[in-house]
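**Q** Let me give you the structure first, and then I'll get to my questions.
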Amino acid sequence: MSTVQNSTSRKRIIQWSPHDTNSFIVGSNDIRLYNIKYTDSFDNGIYHHSHHHHSSTNRQQYINEDSAVALDQYSNSVSSPSSPYLINNKLSHHNSTGSIANVGKNFNNNNNSNNRFSLPQQNHHNHQHGNSNSHSHHNSSNKDQSNNTGAFSYDIEYPQDGWEPKDKKSISLISVNSEVQLMKCMSWSPDQSDPNLVACGLTNGRAILTSFSSVNRILKEFAPRHIRACNTLAWNPIFKHQIAVGLDKVRGDMSTLVWDINYINSFKQQQQQHHQQSIKGGLVDAPHTISQISDNSFSTITNDYTETIYQPLSEFTLSEATLSLAWLPNSPHCLMVGTGSKWLKIYDIRDTNTSQALTTHQKSVSGLCFDPFDSNRFATMGEDSLVRIWDLRKFDESILTINTNCKSLQQIEWCPTRSGVLATVGKDKNTIKLWDIKSPIDLSKSPKPDRKQSISNYDPNTITKPTKTHHSTEIIASFSWHPTNECRMLTVSYSGVIEVVSMNENIPISWSPHGNLSFSHGNHLLEGPSKGTTIEPDLNIYKNLKNEDGRYDRDISLKMKERAKFGYSANVEENVNLGTKINDEGINFLWNWISKTPGQIRTHKKKMLINEETQKDKNDFVGIHHILFDSDNYFLNPSVENVCGFLHYKSHNRFLCSSICGWGVSPSLPLELIISKLEKQYLYEKAVAMAVFHLDIKKAMVVLNNVSNLSKSALSPSLSKDREFNLKVLSIALAGFGDSGNTNPIWRETCKSTAKSFSDPYLKTCLEFLSTSDSKEIYNVIEDSSINLADKIALACRYLDHQDLSTFIDKNTLAVTEMGNLQGVLLTGLTEKGIDLLQNYIDRTADIQTACLAISVVVPKIFRDKRVSKWHSIYSDLLDHWSLWHERATLDIQRAANKAEPTQPQIFAKCGYCQNSFSFEAVTAASMVGGRSQARPNFKSKVPCCPSCKQSLPRCCLCLLPLNCMVPAVDYKKPTDRESWKAGAEPFEDWFTWCQTCRHGGHAQHILDWFQEHSVCPVTDCTCRCSSL
Amino acid sequence: MRVFHRFSTSHEDLIHDVSYDFYGKRIATCSSDQKIKVWDLNDNGEWGLSAEWKAHSGSVWKLAWAHPEFGQVIASCSFDRTVCIWEESEDEKGQKRWQLKATLVDSRDSVTDIKFAPKSSGLRLATCSSDGYIRIYEAMDIMNLSQWTIVEEFEPQKGSNNCISWNPSSYDKPMMAVGSNDPYLKIWEYNETGQKWVHLDTLSPVGNNNNYDSSESGKAIHDVCWAPNMGRSYHLIATASKDHTVRIWKLTNIHDKSKMELKEIMCKNDHRSEVWRVEWNITGTVLASSGDDGNVFLWKCNMNGEWKLLSIINGEERNEDR
């Protein structure tokens, strides 16, 4: 068995099995049967067993045929200096070819192997091919993973940063048949009952039958009279026991022989039985049972001697070489022969004296094959660069020529899965070209032939441009289409490198509005994610994936659709209640702010005795920035109070701001209440900090005491040791603060350095705050602190003077706006600035829903903005895409309800004769004739004729009654009175409708009834097919 | 567990385009076998063939659904140099059938791409042809789809155009990105005053993929997709190119030409093969790209604003399927 890399440059032939889509054979000095299968991580590993490594830039997978045999070698090559996944694959290969006895062991190893590159895989495989799976799960601790069979998605993969593409296929050598030597051509038997039977033509002219099912030996031999090379052989696709063999030229002898493989029947039957046994035993399909295949126990059953047959069934083609052969797909007795002297002949094997013949190529017909999609169509190749396409029914002239632009051709083959697609490879070339023969024929029929092209030497029957070219890294000796997978092909190079080529010409993709993706693979369509699955990984299963950067979060389009479905709308109270479902901190903050703030601001305004009427600004959804600096009353200078050495600024505005931020300590909201609330939520740090920020050190000490008591009582959830310790440290620090303030510089320094060691932002800020000595320091502490924005602002409002406060607020307003941080609405409010913030929020998250809904509270009621109407129309369009009509209508109604002025009537009715519009007043006046309408609340203003010109109004074309035009203005006049809107509305049946094309119409119900049985307009002589429009 | 349901379309050749309709309830496919097939989602959530017909006398490259406001309308383009408009309508027996409404025959070469304009500009169709011209047709009477007139025509460059994509936002001037056999993506805009399309800018790739053919033809742009705007203040355009790269471009200040800025914000060659198509999801937050390796890659922007590979989907058949 040769393992030498440079022994090489032999002619090799590769061929997929027509029966088992995962097996193929490669023939050269011997025949080898390979199996191709997916490793379960389809992150592709380059599978290469030679001692040198191909650059991994190409995606294809290689196996070096020469060195792919010895098992020991695989183990040794683990130490080869290459990337880890290569090692990994070798292990995998080792396992798969190793003996069955290792299965259990390997399976256990799966969880222990410390493979750094392993990616999530499905256990599905583990169970099926336990021994083949050496890709391990990332964490050996995840033993329960093995129970999650099926939880992994095996058609989707989540690579991490820095991944390298690897091949997902692994090729394993199943069997080597070294009995066959000096081979020139080979072909799988088309007989399905014997899926591993292969015929080979040798250089001595003999054709042999061999099989991989048993011991690999030659079963039969067919010997010609004169020894010469065998060029080609072809199984009869119908009479599967016939095989035609094409030989080199010998003077006076025939070069085409047809053999019957059942020449001696008894032997064959025995053989057949044997094959069936082995198939049932799963030997053929199971790639791991190599040991059983080569088990010598079979040899006792098999007949040892090779039978040689000398009597062909039929022979013809005198004194010429036969270079190519093909059976006619429609007439199984006829064989087409391409000869060395440029003839193409058709013989009937029952009567070999007559033949049809014609000259085709310049020199010889070296290749011949029939189109699997059209039994009359076939292609030939000659020694020149041309491929000719022929039709049997028009035998004298080729219908199409392909100029392949290479010196001479090596092989041609029709694609078995795509009609009219031919693959060619030139001699000593590393490119495979695909040709679509459909294209030029159809072009000639196209409506406007291009003048430019017809003038030039454009020949409509010649193709010169391939539809696809594949470049291989090595010179291709032979290729083979996959019989069923339209995008796959195998090539083998002269040096024995096997390459799995994917021949995709295009993979179209489409997204549905629901986040489904569909794409094609060949002529298959893939659509998903199917029910119960998601495109994003389930992080509970894919435990080695880290979602640090939010990459695996559900996509916003899905979130928005889901939120719209459970009732996320412009209804503020409802949105606050939906908080848990919305499950987004920023959004929930936003809606809480929207629901509470206007009330607070209104109370404030009342307190400040600002007259609503005189105030220009009606917006109650303003931000702190506005309250402090833009509102009319900022001149109210704060009063200053010194508490324990800290300057506490007080003003109404500042108080309003801090109450918006959730502070606002007042008689109605004592500090105790705030603190005890926080304690109930176990937010002790925040509770302490709150007390400290209000400079109520005693309360802070009380809280700290409570904590230590609680942790002793063990009733509450125990705090972590760290947390408890930190709180204790704080209590010691606080004890040093005393009543007089932080006058002691040593204490201050200690506080500062202790603060640094706290990880909790509240504790840290707490100490830093206490250790400050002037307002500048306070500013810095607040600025650098990482506590909640609301607390920061409240703190700033309390302790910063006007100058610092305005710097602080300005700076932060800018920052939150740029960040698109929804909490920043505190500062900006729902104002123009707020729209800037929301714009940045959209830029960052694409969550147009929240932006659109939130801003609809103020727009267009209070002010207008171009961007908002754009958002609204985009969001409406999204709802359209999702067919969420009710949600869309709700949105429009809510927007309308928020409007300051009622919607103007959009539909007007006017008389067709005098063009006067039916205004409400006119209509009521005209219909008053009968009686005073006020007596009847449900009065409908129905008019039989135009109030101004008294012409009668159009009538229903079916019942011929007047349409009783009900003027829409009636309803719009009382937009607030919901009841009358409902009561006054006409039932749908009484509405009138008309065709947009012929303008005939009538009562909706009548028209509907009519079109249930008819498709033509009800008006006589009108042929308009209204219903189909 | 499979995330993607795989089914055979029985097309006799490669599928060249797949397209969901506006609501995601129907899929249309077209193939080199010259047929178009329409698939409907049934109540069980399965896709069933609803119609198929021979549409062209050459490979059908692309198809596009019109906005449902205009009815069930599909446009298709083909190697046979024509664009066909198909409409589903009921015949006398109440059977739904797809009827050929119009054939647009102005192209002198294979028509490589077609896209409907945003709904707000009416029923307009842009076609892109190998003869180098972009032609924009409009159905003047949307009740009668047999009448289409060329409203605008321009030649972005000599030679073949491969792909076009409209700016889907109706709040901007009509704009279009055009990809051709050279590596430069061109942005065109309709100039109201001049009443014609003018070249606005060219995006030239910066991140070079050195591993590959450096000739210009080796960098042909196979597909371009302009992301849905979603109210963002910027635009995203993705390209798929022959030089193995998927790129995302960011366009800012589109209204002010002096301040307009084009930036390449992602350039990835993870496909390690020619990239065929790119497609944005409905919010422009996930990009799908497909490559010659048979894989579909999904790209998503993380919280730091970097575009990262989310997942790889493989369409190839596995042994397990059988």
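**Q** Between A:ARG955 and A:ASP801, what length in nm is gained on full extension when 0.36 nm per residue of separation is reduced by their alpha carbon distance?
**A** Details: separation 154, 0.36 × 154 = 55.44 nm, distance 7.71 nm.
Extra length from A:ARG955 to A:ASP801 when fully extended: 47.7 nm.
**Q** So, one more: Just want the answer: with Cβ charges of +1 for Lys and Arg and -1 for Asp and Glu, which residue in A:PRO670, A:PHE693, A:HIS648 is farthest toward the dipole's positive end in segment A:642-695?
**A** Result: A:HIS648.
**Q** Which value, in debye to the nearest 20, gives the size of the charge dipole of segment A:160-210 about its Cα centre, when Lys and Arg are +1 and Asp and Glu are -1 at the Cβ?
**A** Details: 5 positive and 6 negative charges, 38 e Å.
Roughly 180 debye, rounded to the nearest 20.
**Q** Can you list, bin by bin at 5 Å, the percent of alpha carbon pairs in segment B:53-159, starting at 0?
**A** For segment B:53-159, the binned pair fractions read 2, 13, 24, 25, 19, 11, 5, 1, 1, 0 percent.
**Q** Would you list A:THR831, A:THR533 from fewest to most Cβ contacts within 10 Å? Display every interim value, and only then the final one.
**A** Details: A:THR831 22, A:THR533 17.
Result, fewest neighbours first: A:THR533, A:THR831.
**Q** As a test of the definition: which semi-axes, in Å, follow for segment A:195-241 when you take the square root of five times each eigenvalue of its alpha carbon gyration tensor? Largest first, please.
**A** Details: eigenvalues 75, 42, 13 Å².
Sorted largest first and rounded, they come to 19, 15, 8 Å.
**Q** Could you sort out which of A:LYS870/B:LYS173; A:LYS184/A:LYS438; A:LYS861/B:LYS119; B:LYS119/B:LYS173; B:LYS242/B:LYS268 sit more than 22 Å apart by Cα distance in this structure?
**A** Where the Cα-Cα span goes over 22 Å, the pairs concerned are A:LYS184/A:LYS438; A:LYS861/B:LYS119.
**Q** Have a look at segment A:740-797 and give its Rg and Dmax from the Cα atoms, expressed in angstrom.
**A** Rg, Dmax (Cα atoms, Å): 11.0, 32.
**Q** Would you mind giving the mean number of other chain beta-carbons within 10 Å of the Cβ of each residue in B:33-43, as a whole number? Each step should come with its number before you reach the end.
**A** Numbers: counts 6, 2, 0, 0, 1, 0, 3, 0, 3, 0, 0.
Mean partner-chain Cβ count within 10 Å for B:33-43: 1.
**Q** Say each of A:ASP428 and B:ASN302 gets a label point 7 Å from the Cα, pointing the same way as Cα to Cβ; how far apart are those two points in nm?
**A** According to this spin-label approximation, the distance is 5.1 nm.
**Q** Of the peptides B:122-131, A:666-675, how do they stack up when ordered by the mean number of other Cβ atoms within 10 Å, highest first? Please report the intermediate quantities before stating the final value.
**A** Numbers: B:122-131: 22.4, A:666-675: 13.1.
Top to bottom by mean Cβ count within 10 Å: B:122-131, A:666-675.
**Q** Mind checking the mean number of beta-carbon atoms from other chains within 10 Å of the Cβ atoms in A:844-854?
**A** Numbers: counts 4, 6, 12, 4, 5, 2, 0, 2, 1, 0, 0.
The mean count of partner-chain Cβ atoms within 10 Å per residue comes to 3.
**Q** Of the peptides A:874-881, B:14-21, B:47-54, how do they stack up when ordered by the mean number of other Cβ atoms within 10 Å, highest first?
**A** On the way: A:874-881: 20.6, B:14-21: 24.2, B:47-54: 14.1.
In descending order of packing, they fall as B:14-21, A:874-881, B:47-54.
**Q** Starting from the Kirkwood Rh over alpha-carbon pairs, what translational D in µm² s⁻¹ does segment B:87-217 have by Stokes-Einstein at 20 °C and 1.002 mPa s?
**A** Values: Rh = 16.5 Å.
Rounded to a whole number, D works out at 130 µm²/s.
**Q** Picking from B:TYR184, B:ILE114, B:CYS128, whose Cα lies most toward the positive end of the charge dipole for segment B:95-187 (charges on Cβ: Lys, Arg +1; Asp, Glu -1)?
**A** B:ILE114
**Q** Once you treat every alpha carbon in segment A:658-797 as an equal point and sum by Debye, what is log10 I(q)/I(0) at q = 0.13, 0.18, 0.20 Å⁻¹?
**A** So the normalised log intensities are -0.53, -1.05, -1.29.
**Q** I've got another one for you. Quick one: Cα centre-to-centre distance for segment B:112-134 and segment A:750-796, in angstrom?
**A** Distance between centres, Cα-based: 60 Å.
**Q** Here's another thing I want to ask about it. Based only on other Cβ atoms within 10 Å, what is the fewest-to-most ordering of B:MET143, A:MET254? Working shown, then result.
**A** Working: B:MET143 11, A:MET254 20.
Going from least to most buried by this count: B:MET143, A:MET254.
**Q** What are the semi-axes of the equivalent ellipsoid of chain B, taken as the square roots of 5 times the eigenvalues of the Cα gyration tensor, listed largest first and rounded to whole Å? It would help to have the intermediate numbers written out before the result.
**A** Details: eigenvalues 171, 136, 72 Å².
Over the Cα atoms of chain B, the semi-axes work out to 29, 26, 19 Å.
**Q** While we're on this one: About the Cα centre of chain B, how large is the charge dipole given +1 on each Lys and Arg Cβ and -1 on each Asp and Glu Cβ? Please answer in debye to the nearest 20. It would help to have the intermediate numbers written out before the result.
**A** On the way: 37 positive and 47 negative charges, 127 e Å.
Dipole of chain B, to the nearest 20 debye: 620 debye.
**Q** Evaluate the relative contact order of segment B:83-188 (contact order divided by residue number), counting alpha-carbon pairs under 8 angstrom at least 6 apart; express in whole percent. Before the final figure, lay out the partial values.
**A** On the way: 227 pairs, mean separation 20.1, N = 106.
Once divided by the residue count of segment B:83-188, the mean separation gives 19 percent.
**Q** Order these by the 10 Å Cβ neighbour count, fewest first: A:ARG32, A:ARG225, A:ARG895.
**A** On the way: A:ARG32 23, A:ARG225 13, A:ARG895 20.
With the sparsest Cβ surroundings first, the list reads A:ARG225, A:ARG895, A:ARG32.
**Q** Continuing with the same structure: Taking the highest mean first, how do the peptides A:175-184, B:80-89, A:366-375 order by number of other beta carbon atoms within 10 angstrom per residue?
**A** Values: A:175-184: 17.5, B:80-89: 22.1, A:366-375: 19.2.
Per-residue Cβ counts within 10 Å, averaged per peptide and sorted highest first, yield B:80-89, A:366-375, A:175-184.
**Q** Using all Cα-Cα distances in segment A:823-894, what percent lands in each 10 angstrom bin from 0 up to the longest?
**A** Pair shares across the bins are 20, 54, 24, 2.
**Q** Between A:ASP584 and A:LEU673, what FRET efficiency comes out of the Förster formula 1/(1 + (r/R0)^6) with R0 = 35 Å and r the beta carbon distance, rounded to 0.05? Each step should come with its number before you reach the end.
**A** Values: r = 28 Å, r/R0 = 0.80.
Once the sixth-power term is evaluated, E becomes 0.80.
**Q** Taking the dipole about the Cα centre of chain B, with the C-beta of Lys and Arg at +1 and of Asp and Glu at -1, give me whichever of B:GLY315, B:THR245, B:THR103 is farthest to the positive side.
**A** B:THR245
**Q** How high is the relative contact order of chain B, given as a whole-number percent (alpha carbon pairs under 8 Å, six or more residues apart)? Could you put the intermediate results ahead of the total?
**A** On the way: 824 pairs, mean separation 23.0, N = 322.
It comes to 7 percent, rounded to a whole number.
**Q** Need one value for A:542-551: mean number of C-beta atoms belonging to other chains within 10 Å of its residues' C-beta atoms.
**A** 3
Read-outs throughout are calculated quantities, based only on the coordinates presented, and are distinct from any laboratory measurement. In this text the structure is predicted, and so the values were computed from the model without any measurement. Quick reminder, even Gly has a Cβ in these numbers, built from the backbone with ideal geometry, and neighbours come from all protein chains shown.
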